[in-house]
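A.B. asks: Okay, here's the structure, questions in a sec.
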Amino acid sequence: MKHHQQPSHEGSSVSHEARSTPAAVDLYWIPLGAGAHVVRLSGKIYEGITAFIGHRPRYALYHTALEVRVPAGRFVIESAPIRGGPGPERGVVVEGPVGTKWAGRFWLFRYEIRRWHEGSIPDASEAVSTIRVVDDLDRAQRVLELVPSVPTRVWGRDELRTGDMWNSNSLTSWLLARAGVETDRLQPPSGGRAPGWDAGLVVAQLQMGSGTRGDGQ
């Protein structure tokens with residue numbers, strides 16, 4: 001993803017009144033590792049190494065999540081490491097491997113994708129910005145319908161040769177692109193970047209060009 005120094009103006013910041021809209025999709029930009037020291041530290045180390053290799057400045061890293069409102073209720077969509085307890089209770093629809101396909105045989109090396117009815121986004125209160133990206137029922141419903149068909153590639157790898165690794169941000173950008181949301185001007189907050197975002201966009205464009213819905217692979 002290009003490292004823009006200005007926040008996007010594609011969507012609008014979400015006001016208290018806007019949250020009562022019958023149909024909408026809000027995009028959360030959350031600092032990577034907010035509330036999790038190990039993840040935050042790992043992210044800083046990763047960014048330091050990639051910045052050194054790429055001969056560029058360091059950027060703040062962001063994780064994204066979606067909140068969808070439709071007449072049936074409010075849903076949160078997010079990809080994260082597997083948590084304890086039954087998956088259906090938090091809206092888990094698919095899982096995928098982390099690091100390598102072989103390691104994915106063990107639950108510690110798997111991630112889950114949630115479409116959680118009346119659920120919560122961990123660290124949502126830490127979001128630097130929340131952007132309204134959809135305000136119509138058709139596209140909001142489309143985002144929800146697409147979740148089970150998202151590609152479940154290996155987290156942290158670039159198996160599809162997109163030039164970017166697959167991760168939680170790939171889920172977000174893939175869903176928005178496949179649902180017909182204009183993503184060109186959606187960028188992280190100033191001074192930040194979201195690894196994986198471009199991977200989701202590239203795969204979505206390839207699938208739409210070939211007429212593929214997505215098979216979870």
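Bear in mind that the values in this text are calculations on the coordinates, not laboratory data. Just so it is clear, the structure is predicted and the values come from calculations on it, not from any experiment. Note that we place each Cβ from the backbone using ideal geometry, even for glycine, and neighbour counts take in every protein chain shown.
A.B. asks: Using each residue's phi in the range 170-185, evaluate 6.51 cos²θ - 1.76 cosθ + 1.60 at θ = phi - 60° and report the 3J(HN,Hα) Karplus result to the nearest Hz, with x for Gly and Pro.
C.D. replies: Ordered by residue, 3J(HN,Hα) equals 5, 4, 4, 5, 4, 4, 5, 5, 5, 7, x, 7, 5, 10, 4, 9 Hz.
A.B. asks: Another question about this same structure. Could the peptides 26-32, 109-115, 156-162 be put in order, highest first, of the mean number of other beta-carbon atoms found within 10 Å of their residues?
C.D. replies: Listed from highest to lowest mean packing, they are 26-32, 109-115, 156-162.
A.B. asks: Something else about it: Short version: ³J(HN,Hα) in whole Hz for each residue of the range 125-140, in order, from phi by Karplus 6.51 cos²θ - 1.76 cosθ + 1.60 (θ = phi - 60°), x for Gly and Pro, what are they?
C.D. replies: Values per residue, Gly and Pro as x: 5, 8, 4, 6, 8, 10, 10, 7, 10, 9, 9, 10, 5, 4, 6, 4 Hz.
A.B. asks: Quick check on the range 62-217: take the gyration tensor over C-alpha atoms, sort the square-rooted eigenvalues as a ≥ b ≥ c, and tell me if it's rounded (a/c under 1.5), prolate or oblate.
C.D. replies: Here the range 62-217 falls in the rounded category.
A.B. asks: Over the range 78-156, calculate the relative contact order: mean separation of alpha carbon pairs under 8 Å at least 6 apart, over the residue count, as a percent.
C.D. replies: 39 percent
A.B. asks: Taking +1 at the Cβ of each Lys and Arg and -1 at the Cβ of each Asp and Glu, which of ALA103, PRO81, VAL70 sits farthest along the dipole of the range 65-150 towards its positive end, judged by Cα position relative to the Cα centre?
C.D. replies: Toward the positive end, the furthest listed residue is ALA103.
A.B. asks: Shifting gears a bit: Among VAL202, THR183, VAL154, whose Cα lies farthest out toward the positive end of the dipole of the range 114-217, if unit charges sit on the beta carbon of Lys, Arg (+1) and Asp, Glu (-1)?
C.D. replies: Among VAL202, THR183, VAL154, the one farthest towards the positive end of the dipole of the range 114-217 is VAL154.
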